1. Restricting to segment 137-171, and then to whatever is within 16 Å of the ligand (Cβ to nearest atom) and assigned to a strand (DSSP E or B), can you tell me which residue is farthest from the chain's Cα centre (by Cα)?
2. Which residues, taken from segment 201-223, are assigned to a strand (DSSP E or B) and either closer than 27 Å to Arg158 by Cβ or modelled with pLDDT under 95 (or both)?
3. For Arg240, which of the numbered conditions (1) modelled with pLDDT under 95; (2) exposed (fewer than 14 other Cβ atoms within 10 Å of the Cβ) fails to hold?
4. For Ala44, only one of the following conditions fails: (1) in contact with a Leu (Cβ under 7 Å, 6 or more places away or on another chain); (2) under 24 Å from Glu87 (Cβ atoms); (3) surrounded by 24 or more Cβ atoms within 10 Å (Cβ to Cβ). What is its number?
5. Can you tell me which of (1) among the polar types (S, T, N, Q); (2) touching a helix residue (DSSP H, G or I) at 6+ places or on another chain (Cβ under 8 Å); (3) not in a loop (DSSP other than H, G, I, E, B) is the one Thr120 doesn't meet?
6. Residue check, Arg117 against (1) of a type in the set (Lys, Arg); (2) more than 15 Å from the ligand (Cβ to nearest atom); (3) crowded, with 17+ Cβ neighbours inside 10 Å, all met but one. Which one?
7. Can you confirm whether segment 158-176 contains a residue that is of a type in the set (Gly, Ala, Ser) and free of Cβ contacts under 8 Å to residues at least 12 places away in the same chain?
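The values are calculated or read from the model by the stated rules, or taken from the named source; none is laboratory data. Remember, predicted model here, so these are calculated numbers, not experimental data. A quick note on method: Cβ atoms are made from the backbone with ideal geometry, for glycine too, and the neighbour counts reach across all protein chains shown.
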Amino acid sequence: MRVACLTDLHANLAALDAVLAALGPVDAVWVMGDIVGYGPDPDAVVARLRTLDAIAVRGNHDAAALGLIDVHDFNDDAARAALWTREQISPETRDWLAALPERREIGDFTLVHGSPRDPTWEYLWSAAAAAANLDAFTTRTCIVGHTHVPLVFRLDGRRMETIEPVDGTELVLDERRTFLNPGGVGQPRDGDPRACAMLLETETGTLTWRRIPWPIAETQARMREAGLPARLVERLAVGR
Ligand code: ZN
């Protein structure tokens, strides 16, 4: 089975569609949250995921759009975008987002947004943070998002190794426990504005990271039209 692993779509339809086109036909789409927030197309992104029968978990921005968490926990721009999203989304989008769990297990994989012990807020930036989460899930592999940066942490003996995937990086899963972050689709933050995605071939356990160009100006124009904060518009061009 070919699985498109996507995270932090952030209501960026142009980026999502570019990623889907580049990955080609897949058998399943797994989404590690932050489907909405920041971007201009929350309803269209959710509609696209629904047509794909995507399997998804809820991120902090999805929770904010639903009013489940206080936007005062966000910085000013994120809070403004969260309130805009909350007003903007249709009842169908709201219902779909509200039905998302914080965690899912599919075979050998646990899917969460931030970390298994704190799916809403914790960022897995470091091997130490990953190591502290090993007891918080029981599957061999955990797929996360939230940082908007592609990262792998793999337990090798007693050492947690860190891998920073780039475009074309391939990795084969083995018996070692591993954290995988596909990198962000809708708002990459590692200085490369190209969208990021991870393809999983379940039969062989092969993972491939891809960086995919997308029409940045298109999303920026839609954000300006919507009156979303300028800083959020500008960061898309620089991948920060
Ligand atoms: Zn995010």
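1. Leu151
2. Answer for segment 201-223, where residues must be assigned to a strand (DSSP E or B) and either closer than 27 Å to Arg158 by Cβ or modelled with pLDDT under 95 (or both): Thr206, Leu207, Trp209.
3. For Arg240, the failing item is (2).
4. (3)
5. The number of the failed condition is (3).
6. Tallying (1) of a type in the set (Lys, Arg); (2) more than 15 Å from the ligand (Cβ to nearest atom); (3) crowded, with 17+ Cβ neighbours inside 10 Å, Arg117 fails exactly one: (3).
7. No, because not a single residue in segment 158-176 is of a type in the set (Gly, Ala, Ser) and free of Cβ contacts under 8 Å to residues at least 12 places away in the same chain.
This table checks each residue for (1) within 12 Å of the ligand (Cβ to nearest atom); (2) in a loop (DSSP other than H, G, I, E, B).
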residue	(1), (2)
Val3	no, no
Ala15	no, no
Val19	no, no
Val29	no, no
Val36	yes, yes
Arg50	no, no
Ala81	yes, no
Trp84	no, no
Thr93	no, no
